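Here it is, the structure in full.
Here, each number is a calculation from the coordinates, and none is a lab measurement. Predicted model only: the values in this text are computed from it and were never measured. Here Cβ is always computed from backbone atoms with ideal geometry, including for glycine, and neighbour counts include all displayed protein chains.
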Amino acid sequence: MTPNSYPPGKINNLPAPAAFMLALVLSLITGGALTLITRIAHLNKTTIAFIFLLPVVFSASMWGLLPGLLAAIVSFLVFNFFFIPDLYTFQVKQTEDFLVLGAFLVAAIVISELVGRVRRNVTAAAAREHEAIRLYEFSSLLAATTDQLSTTRVILDMIDQTIPASRIEVFIESSPEALLLSRGSIQNGKLLAKPIIFPLQTARDLIGEIRLWTEKPIIETDERLLKIFASQGSLSIERTRLAEAARKALILEESDRLKSSLLSSVSHELRSPLAAIKASVSSLRLGVVDWDSEARTELLTTIEEEIDHLNILVGNLLDMSRIEAGVLEPQKKPNILREIANAALGRIHPLAQNIRIQLDIPEELPLVNVDFIQLQQVFYNLLTNSIKYSPPGSAIKINATPKNPSFVQTRLTNQSLPLPESDMERIFDKFYRINPSERITGSGLGLSICKGIIEAHGGKIWAENLIDGIAFNFTLPIASHD
């Protein structure tokens, strides 16, 4: 309950009759005490008047203006009855006594009003501070929400902590089904006949409502907080809906972009081998080529090479789809890195006729905890990329060294042209090709597959320019000795 939210009929969290009774009793006690003191000591009327102001100030500061005014009137009457001649009557004969009583009454009323006003200001300031704190907490919690459910739960929790209610419901109209969160229970006979409803209204439409069942009508300060909760909650729900719509639009846009990139990157790669296979098979079927001639062998070799090309392309697409779906799970085992690299060299050998490949991986290198097949694919893709972009007669070097007790760093260098700095990070993106010319074939998936495999192993891959070429670096975890 807020500092200013006292139920009707209560003053400073006390029933109004109790507050007035305490002010009355306090004034009478002060009068009785002064009566006893005057019997043993002489007090002039001014001193007695000042002392009678004490219950007035105390009552006004503790219980407000009206109890203070009651204390002022009672103190005035007691002062007149017990201390102004004629004693024990309300008759005043001397002008001086009239002035003293008049001054006392005016002073008591003014002091009561001033103290009461100060108390009201303090109470109002405390109430505003309480509201500001609650609104700050509410705004902070709403800022951290990312969906309608969490936003609705924050609204429900904040109302439950702030407003005394028997039952609270927050209803949100949403698709595919409405959302309703509630707290408390309805007890017939103790609640209002109908709930108190605060609409959740945005600039575009009504998205829901807050329903409260209370035993008594809510006060003004609580109603103001509820309206703010409803307003801010509506804005937050609308924000999450707009963010969700923007996210879906971004996903659709990215999906369309990937489809376009896939078609533009793969269409040529599919057409070329299919056309070569079609031409070779047609020549063989129509008998254009003598079955015992050397041309027949060349056509069959072309068919085999183009089928291998198609197999690699389809394999890359499948690997990329597994990486995108997050289902690429390496079967990690302790392996010798040199053996994996040699297996990749055996596969790449037919493509590297004019390129020298130097392998410098020491046998005493620690075992790496990797999937043999997947890491072989990394070496194969990096070697294929390097062969495509390296000039004839150049060299490709592969070496590996322990980077720290946990990782081994492998480095593959070639003598291709340096990369622009703007392309250094993008070369690992899907379908990205630095020189998408007809001379250099490829779908732009090889390096992105390498990145997916290395990161699935807990490593990191990056490229850097050298004086005479490009280096691809990647780290792999060292197998434990357990």
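Spin-label point model (7 Å from Cα, Cβ direction): what's the L359 to V118 distance in nm?
The answer from the label model is 9.2 nm.
In nm, what is the difference between 0.36 nm times the number of residues separating E455 and A143 and their Cα-Cα distance?
Roughly 109.1 nm would be gained on extension.
What FRET efficiency do you get for I37 and S422 if R0 is 56 Å and r is their Cβ-Cβ distance, rounded to the nearest 0.05?
Numbers: r = 95 Å, r/R0 = 1.69.
With R0 = 56 Å, the Cβ-Cβ based efficiency is 0.05.
Could you list, in their original order, any pairs among K332/K388; K333/K451; K333/K403; K332/K403 whose Cα atoms are separated by more than 26 Å? Mind dumping the intermediate values first?
Details: K332/K388 30 Å; K333/K451 20 Å; K333/K403 20 Å; K332/K403 20 Å.
Pairs exceeding the cut-off: K332/K388.
Tabulate in residue order the Karplus-calculated ³J(HN,Hα) for segment 202-207, using 6.51 cos²θ - 1.76 cosθ + 1.60 with θ = phi - 60°, rounded to whole Hz; enter x for Gly and Pro.
Once θ is set to phi - 60°, the couplings for segment 202-207 become 9, 5, 9, 7, 8, 10 Hz.
Can you compute the FRET efficiency between S185 and L250 using 1/(1 + (r/R0)^6), with r the Cβ-Cβ distance and R0 = 56 Å? Round to the nearest 0.05. Could the numbers behind the result be given before it?
Working: r = 43 Å, r/R0 = 0.77.
Calculated value: 0.80.
Okay, moving on. Could you run the Karplus curve 6.51 cos²θ - 1.76 cosθ + 1.60 with θ = phi - 60° over segment 127-138 and give me ³J(HN,Hα) per residue in whole Hz, x for Gly and Pro?
Along segment 127-138, the couplings run 5, 5, 4, 4, 4, 4, 5, 5, 5, 5, 4, 5 Hz.
Under a 5 Å amide H to amide H cut-off, with H placed in plane at 1.01 Å, what residues pair with H457 once short-range neighbours are removed?
none
Can you work out the Karplus-derived ³J(HN,Hα) for every residue in segment 42-53? Use 6.51 cos²θ - 1.76 cosθ + 1.60 with θ = phi - 60°, whole Hz, and x for glycine or proline.
Once θ is set to phi - 60°, the couplings for segment 42-53 become 8, 10, 6, 5, 5, 5, 4, 5, 5, 5, 5, 6 Hz.
Take R128, project a point 7 Å from its Cα along the Cβ direction, then tell me which residues of segment 216-232 have their backbone nitrogen under 17 Å from it.
Counting only backbone N, you get 221-222, 224-225.
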